[in-house]
Each structure stands twice: as C-alpha cells, then as structure tokens.
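The values are calculated or read from the model by the stated rules, or taken from the named source; none is laboratory data. Just so it is clear, the model here is predicted, and its values are computed rather than measured. With ideal geometry, Cβ positions are generated from the backbone for all residues, glycine too; neighbour counts draw on all protein chains shown. Side chains included, ligands, DNA and RNA excluded: accessible areas come from the protein's heavy atoms. Shrake-Rupley method; radii C 1.70, N 1.55, O 1.52, S 1.80 Å.
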Amino acid sequence: MNHSIMDPMIPHPYKIQRVIKETHDTFTLELKSIEKNGTFSFAPGQFNMLYIAGIGEVPISISGNPTKNGSLIHTTRAVGTVTKEMAKLKRSDVIGIRGPFGTNWPVKEAEGNDVLLVAGGIGLAPLRPVIYHILSKREYFGKIILLYGTRTPQDILFRKELEKLKSRLDIDIYVTVDRATRAWNGNVGVVTRLIPRAPFDPINTIAMICGPEIMMRYTITEISRRGIASENIYVSVERNMKCGIGLCGHCLYGTEFICKDGPVFRYDQIQNIFGKREF
Ligand SMILES: Cc1cc2nc3c(=O)[nH]c(=O)nc-3n(C[C@H](O)[C@H](O)[C@H](O)COP(=O)(O)OP(=O)(O)OC[C@H]3O[C@@H](n4cnc5c(N)ncnc54)[C@H](O)[C@@H]3O)c2cc1C
Ligand code: FES
C-alpha cells in the first residue's frame, strides 16, 4: 500500500521497533506499520512527514534500505521543538507517518557512470539509501566514491557501517572532520579538500550532494573545477514544510515547491537561486 496516493494528508500509525543513538544529538528510528497490509516502499532521496501527537510534524528523509520492505528507517538530528521531542521516544511508542513524498536521487540515470556522493553531517542520512541501492546492483555502476565530512569524530554517523563498507574493495570512502580529537588519525579539514584527489572520471560522473547549503555550494565549485558538468550534479534542498504535497506554498523555492519538485534537484535547474538567502 502506498499511503501517499490514498490520502496524503492523513498520518498513518507506525510503532517504534528500535531506537539507535547515533551521536550525542542524532538518533535513528526503526518503524513498523501497525495497520493491516501496511508495507512501505520508497525511492532513495524521498522523505516522510513525521507527526508527534500534540507537538507537530516535520519532514525527515528516509535513511533505510530501499531494496528491503521490512521496516521504515529515519535518522534525525534533534535541533528544535519537534525533533527534540522525537528524541525522547522509546521502543513501542507510536508516531504518525505521511509519505513518501518528493523527488529522488538519480540512481537510474547514474547507471554506467562513476558516482560521487558528497555528504556533510546529517546529510549522510538521505544519501544512505543510494549506497544500499548501488551496492545491490553493483555491476551497473563504475567507481563509487563517498566523501563525508563532520564537525568532529564524535559526529560521524553510521560509524560501524562505514567501517564495514571501507573494507570492501569496490567503494572508496573518505571521511574528514573539521576539528580532530587526540584519538583521530584520519583526515582533518572541510570535505571539499577531499575532492582534488578523489578517484572519479569527471566526464562520466554523476554527483549527489547533501549537507548544509554552504557546504554544497563549495562542493559544487570544486567538482565543477574538476570538470563535472552542472547537469550531472544533484543536490537536496531543505526548507520549512507544512503540507508536503504542493498545496500550502510553505516551501516555495523560486518557482518550485521543494516538497513536490524537490527535495532532490538537478543543479542546472536551480543554479540561479541556489544558495541565495532570499530563496
Ligand atoms: C526534505 C527534507 C528532508 C529532511 N531530512 C532530514 C533528515 O533526514 N534528518 C534530519 O535530522 N533533518 C532533516 N530535515 C530537517 C528537519 O525537517 C528539521 O530539522 C526539522 O523540521 C526541525 O524541526 P523542529 O521542530 O525540531 O525545529 P524548529 O523548532 O523548527 O527549529 C528550531 C531551531 O532549529 C533550527 N533548525 C531548523 N532546522 C534545522 C536544520 N535542518 N539544521 C539545523 N538547524 C535547524 C531553526 O533555525 C531553529 O533555530 C529535512 C528537511 C527537509 C525539508
Ligand atoms: S510544504 Fe506545502 S507546498 Fe510544499
């Protein structure tokens, strides 16, 4: 059953199966529908509206595996009213879900090409489904490169999973932190510093970028310098949302609605407004 087609404004009840504390301010919820026949399918990059009764509703990307239908997974950073309440939820609590909504990362278009994923902070969560998708069809893609930057080593998301992935020989993963601790022996500096030596072929690369807007802007500058064309660059844009389905106008971005025309945009389609505060 695809909830969004049936009644997109009505939240459906999902029970929390597991809460995973990822970092000091970020947590993952594994959810299961409590409705009869309540399965869930989505494309990498899509989001749901998560509703906590009496508190409010927020858009959160789906961070789980699109090739598995079992549970629905969201990874959230607690920053404000709703997300901080969400951080207090426990196993067996129930929340409302509407979705999936929005556009997806271009995983089909990327087939036959190298794929460059660049993530900053919580931006790794919306890109994780791309990694699952690609690894499930590994032979369809060229080189896969993930560049991931966080503020400190303590902010690295999905750490064990990244370590496991790093041991594979068919994906290149580079992690960097803005500020190192004594125990950190890895790269230090902003994520864009990893771009000059990342092993992709710019002519045949699709880039997918997710993180703070300033990080995405500098990343685009660097990868353009290396020769990736703007029509091969995709970004995920965030703004406040209410309806999630193109009705209320809350997420208007130039002439586009982020909830319905995005959140994933091809860069050349929004480059005139991207990174400008007034949008
Ligand atoms: C399509 C889409 C997908 C998203 N996916 C995710 C996701 O996978 N995981 C996730 O953690 N978040 C995600 N977000 C961001 C998330 O929706 C917001 O963090 C959330 O709406 C904040 O709501 P709140 O009520 O907790 O905070 P509010 O009370 O609305 O805000 C409190 C304070 O936090 C600040 N703030 C709000 N949003 C952010 C932010 N994103 N980063 C830093 N500070 C912020 C506000 O400026 C304000 O000062 C996504 C947003 C969009 C539009
Ligand atoms: S959130 Fe209502 S139009 Fe996008």
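Table for the structure above
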| read-out | value |
| --- | --- |
| The one condition in (1) more than 9 Å from ligand 1 (Cβ to nearest atom); (2) within 27 Å of Leu147 (Cα to Cα); (3) buried (at least 23 other Cβ atoms within 10 Å of the Cβ) that Ala125 fails to fulfil | (1) |
| Only one of Asp114, Asp178 that is of a type outside the set (Lys, Arg), open to solvent by 40 Å² or more (accessible area, probe 1.4 Å) and under 30 Å from Ala229 (Cβ atoms) | Asp178 |
| Test result for Phe40, within 16 Å of ligand 1 (Cβ to nearest atom), touching a Leu at 6+ places or on another chain (Cβ under 6 Å) and open to solvent by less than 80 Å² (accessible area, probe 1.4 Å) | yes |
| Candidate set from segment 234-269 (those that are closer than 16 Å to Pro212 by Cα and either without any contact (Cβ under 8 Å) to a residue 24 or more places away in the chain or among the β-branched types (Val, Ile, Thr) (or both)); member that is farthest from ligand 2 (Cβ to nearest atom) | Val235 |
| Matching residues, segment 234-279, being touching a helix residue (DSSP H, G or I) at 6+ places or on another chain (Cβ under 9 Å), of a type in the set (Val, Ile, Thr) and within 13 Å of ligand 1 (Cβ to nearest atom) | Val235, Val237, Ile245, Val264 |
| Matching option when the condition is under 26 Å from Ser230 (Cβ atoms), more than 16 Å from ligand 2 (Cβ to nearest atom), at pLDDT 95 or above and exposed (fewer than 14 other Cβ atoms within 10 Å of the Cβ), among Lys164, Lys108, Lys90 | Lys108 |
| Among (1) hydroxyl-bearing (Ser, Thr, Tyr); (2) more than 15 Å from Ile16 (Cα to Cα); (3) at pLDDT 95 or above - the single one Ser41 does not satisfy | (3) |
| Test: Gln46 is in contact with a Pro (Cβ under 6 Å, 6 or more places away or on another chain), closer than 30 Å to Thr152 by Cα and among the polar types (S, T, N, Q) | yes |
| Tally of residues being within 14 Å of ligand 2 (Cβ to nearest atom) and under 14 Å from Ser236 (Cα atoms) across segment 47-64 | 3 |
| Boolean, Pro13 is over 18 Å from the mean Cα position of the chain (by Cα) and part of a strand (DSSP E or B) | yes |
| Every residue from segment 39-70 that is hydroxyl-bearing (Ser, Thr, Tyr) and part of a loop (DSSP other than H, G, I, E, B) | Thr39, Ser41, Ser63, Thr67 |
| Cross-chain or 6+ apart pairs with Cβ under 8 Å, segment 91-104 first and among the acidic types (Asp, Glu), then open to solvent by less than 40 Å² (accessible area, probe 1.4 Å) | Asp93/Ile16 |
| Test: residue in segment 193-207 that is away from ligand 1 (no atom under 16 Å from the Cβ), outside any helix (DSSP H, G or I) and among the polar types (S, T, N, Q) | yes |
| Unmet criterion (only one of (1) open to solvent by 70 Å² or more (accessible area, probe 1.4 Å); (2) within 21 Å of the chain's Cα centre (by Cα); (3) closer than 21 Å to Ile60 by Cα) for Val235 | (1) |
| Matching residues in segment 254-279 - criterion: being buried (at least 18 other Cβ atoms within 10 Å of the Cβ) and at pLDDT below 95 | Phe274 |
| Of the criteria (1) charged (D, E, K, R); (2) within 12 Å of ligand 2 (Cβ to nearest atom); (3) under 23 Å from Thr150 (Cβ atoms); (4) part of a helix (DSSP H, G or I), which one Glu222 fails | (2) |
| Options Thr221, Thr181, Thr205, Thr192: the member that is at pLDDT 95 or above, farther than 24 Å from Ile134 by Cα, β-branched (Val, Ile, Thr) and out of contact with any Lys or Arg (no Cβ under 6 Å at 6 or more places or on another chain) | Thr221 |
